[in-house]
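Enquirer: Below is a structure I'd like to ask you about.
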Amino acid sequence: MRKKIVAGNWKMNLGKQEADQLFDGISQQLSKESKADVMVFPPAIYLDRLVQKNDPTITIGIQNFYPKEKGAYTGEISVAQVRNIGATHVLIGHSERRAYFQESNVLLKEKVDAALEHDLTVVFCCGEPLMIREMNQEMTFVRMQLEESLFHLESAQLQKCIIAYEPVWAIGTGKTASVEQAEEMHAAIRSWILEKYDANTANAISILYGGSCNAANAQELFACPNVDGGLIGGAALEVESFIQIIQSF
């Protein structure tokens, strides 16, 4: 059965000491009986120091990487380096990478393949901007993202992935998709997996909600049948709010 997951995306925030304090605070308050798997995605420069803390209750991933083994790619981090440093999960397809860095579905497919080849767990982000939602084209838009970047995988490969639905119009805006909107899209994504693969695959993949999820709305969102947790942004930068979200399960 699919896992319950709460993942914190720290984005381009925090200094070295602040990153240590946040990680240590989560570690100290995280219950050993937590019903959710807990992940954090810090800025890449802090990966090594957090991995070295060797906390088995917190999974550490990277926000971005370049899908090549090595080479003349100044400023980039290779997929092999990510694995070597000890990170186990990678974010792929986040709306900010798509919007600010023009990452296409073709590039994201290459990233997915490279990550899986190096035995990294993919957290694949998908979601529609406001214009698409207002045109009532969100289902077509999100399905295309999945078809072009993820659904080429074999079932066993896909089951090594996590999907995060992030309505772009709800990220960092304070707006949140209604419970009904969130469940509708999550259920649709699971139905597409069922259609493309089979029931076992559809029931094995965790689908997270990633649009302004916080301590106030997490419990209601997580109660939806097809919402298996959250990819948390701003609320993941404070120990108390992140722990409260985890405890929403």
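Enquirer: Exactly one condition in (1) under 30 Å from F101 (Cα atoms); (2) free of Cβ contacts under 8 Å to residues at least 60 places away in the same chain is false for V38; which is it?
Expert: V38 satisfies all of (1) under 30 Å from F101 (Cα atoms); (2) free of Cβ contacts under 8 Å to residues at least 60 places away in the same chain except (2).
Enquirer: For segment 215-249, which residues satisfy the criterion of being farther than 21 Å from A187 by Cα and part of a loop (DSSP other than H, G, I, E, B)?
Expert: Correct list: A215, A216, G233, E238, Q247.
Enquirer: Name the single residue, out of those in segment 58-103 being polar (S, T, N, Q), in contact with a helix residue (DSSP H, G or I) (Cβ under 8 Å, 6 or more places away or on another chain) and not in a helix (DSSP H, G or I), that is surrounded by the most Cβ atoms within 10 Å (Cβ to Cβ).
Expert: Going through the qualifying residues, I end up with Q63.
Enquirer: Pick from Q159, Q137: which is surrounded by fewer than 20 Cβ atoms within 10 Å (Cβ to Cβ), closer than 25 Å to Q63 by Cβ and of a type outside the set (D, E, K, R)?
Expert: Q159
Enquirer: Can you say whether G8 is small (G, A, S) and surrounded by fewer than 13 Cβ atoms within 10 Å (Cβ to Cβ), as far as the supplied structure shows?
Expert: Answer is no for this residue.
Enquirer: Moving on to the next point. Residue check, K16 against (1) within 23 Å of G234 (Cα to Cα); (2) of a type in the set (K, R); (3) at pLDDT below 95, all met but one. Which one?
Expert: The one condition K16 does not meet is (3).
Enquirer: Among the residues of segment 197-211, are any of a type outside the set (S, T, N, Q), within 17 Å of I92 (Cα to Cα), at pLDDT below 95 and part of a loop (DSSP other than H, G, I, E, B)?
Expert: Yes, the conditions are met somewhere in segment 197-211.
Enquirer: Against the conditions (1) outside any loop (DSSP other than H, G, I, E, B); (2) closer than 18 Å to I245 by Cβ, where does K3 fall short? Just the number, please.
Expert: Every condition holds for K3 apart from (1).
Enquirer: Go through segment 123-171 and count every residue that is in a loop (DSSP other than H, G, I, E, B) and either basic (K, R) or in contact with a helix residue (DSSP H, G or I) (Cβ under 8 Å, 6 or more places away or on another chain) (or both).
Expert: Total meeting the criteria: 12.
Enquirer: Residues in segment 118-134 that are without any contact (Cβ under 8 Å) to a residue 24 or more places away in the chain and surrounded by 15 or more Cβ atoms within 10 Å (Cβ to Cβ): how many?
Expert: 1
The values are calculated or read from the model by the stated rules, or taken from the named source; none is laboratory data. On a predicted model such as this, the values are computed, not experimentally measured, just so you know. Cβ atoms come from the backbone with ideal geometry, glycine included; neighbour counts cover every protein chain shown.
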